[in-house]
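Structure record follows, encoded as structure tokens.
Read-outs throughout are calculated quantities, based only on the coordinates presented, and are distinct from any laboratory measurement. Computed from a prediction, not measured in an experiment: that's the story for all the values here. Neighbour counts run over all protein chains shown; Cβ positions are idealised from the backbone, glycine included.
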There are 2 protein chains.
Amino acid sequence: MQIAYILYDNITLLDLAGVYDPVSRLRPLGYLPHLKWDLCALQESVMDSYNLSIQINKVQPNLAVYDMIIVPGGLGSRTMIRNPQFMKWLRTAVGVRWKVSVCTGSLLLGAAGFLQGRRATTHFEQYEALAPYCGQVLQDRIVEDFDVITAGAVASSLDLGLYLCEKLAGPEARLAVQKRMNYWPPA
Amino acid sequence: MQIAYILYDNITLLDLAGVYDPVSRLRPLGYLPHLKWDLCALQESVMDSYNLSIQINKVQPNLAVYDMIIVPGGLGSRTMIRNPQFMKWLRTAVGVRWKVSVCTGSLLLGAAGFLQGRRATTHFEQYEALAPYCGQVLQDRIVEDFDVITAGAVASSLDLGLYLCEKLAGPEARLAVQKRMNYWPPA
């Protein structure tokens, strides 16, 4: 199981950390001992919205080799939609089994053509922006449709992370992770 | 209002991001337009528990100039307790108005002597480790006692972030941030 986190300048750090924390725990907790992931981008480092700089460990890899891509949101998503180099790179994920996004990351999945005919969600202020890219916009916290899993604004990243834990390793793994994080969202 | 995030190798990224996201929003939302913060450490960059590398923007500053320090937790906290250079640096925060921690970050506040006689909390598996450092360990999600605010495990970082929003900018600011994040913990 190999995951690529797709990063770019002006991401929202919590969109990344909220899903990265629970999913990564599957490895040390022993549920997915061979889980691997890369932080991927067009360049050697990316900045979040407030200039916090994160080091990248795979620059522009061919995304076809991964089992899952996870795209966080952020103000930079609007810039990347108009960046042909970024969009061309993102499209190398076309055959990837799971294409996952948080918040406005779904606009990038959409612009790459991955949401055609699919149900999807995004940040609550971006439903209209998402509509042209997908079959149907749902105002839910998490939407799964075949090869695409999209989540809503920022804090839904944690819910998405737990959702992925269950999908990849079952309900027992999800509960174990949830306990470690001490995260108890309303049912 | 100036905040120092105290970082070190083997932090838990979500401990940082969960409090950093809501508190940082006070600036663009206009509640604290002059809010500033630094990412501080002993060295130029730090790694989280899974080798994600974050760039530091203030190396070992005198912490006395800040209004608040925020110390995330992580496996590295146990290493740092035994690092005299780190502890000496952290103690420069002795007079800082608010000393704040997430998860096992409280062990570092404790080892620095900041919790003497105070009520405090930490990760739910570290209550006994915290006890010798403080007046009383409370098994709560957030504990405030005079100049010290401590929070529980990982996901309580988000609750702490909102708590600080209210403390620094009032209940309206907290609610505005909560809406932007789409975070609705159980009451």
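Within segment B:134-145, if we keep just the residues that are β-branched (V, I, T) and crowded, with 21+ Cβ neighbours inside 10 Å, the residue that is farthest from B:V102 (Cα to Cα) turns out to be B:V137. Tallying residues that are within 15 Å of the chain's Cα centre (by Cα) and either among the basic types (K, R) or under 25 Å from A:A176 (Cα atoms) (or both) within segment B:144-179 yields 13.
On inspection, A:G117 passes the criterion of being more than 16 Å from the chain's Cα centre (by Cα) and under 23 Å from A:L63 (Cα atoms). If the condition is being out of contact with any Cys (no Cβ under 9 Å at 6 or more places or on another chain) and among the polar types (S, T, N, Q), then segment A:132-181 contributes A:Q136, A:Q139. Looking at segment B:122-133, can you tell me whether even one residue there is among the hydroxyl-bearing types (S, T, Y), in contact with a helix residue (DSSP H, G or I) (Cβ under 6 Å, 6 or more places away or on another chain) and crowded, with 17+ Cβ neighbours inside 10 Å? Yes, that holds for at least one residue.
Highlighted here are the helices (runs of 4 or more DSSP H) found entirely within segment A:95-185 that include at least 3 residues which are within 14 Å of chain B (Cβ to nearest Cβ): A:156-169, A:171-181.
Residues in segment B:90-105 that are in contact (Cβ under 8 Å) with a residue 40 or more places away in the chain and buried (at least 21 other Cβ atoms within 10 Å of the Cβ): B:L90, B:A93, B:K99, B:V100, B:S101, B:V102, B:C103, B:G105. For segment B:16-55, the set of residues classified as under 17 Å from the mean Cα position of the chain (by Cα), more than 9 Å from chain A (Cβ to nearest Cβ) and farther than 18 Å from A:V46 by Cβ consists of B:V19, B:V23, B:R25, B:L26, B:L35, B:K36, B:D38, B:C40, B:A41, B:L42, listed by residue number.
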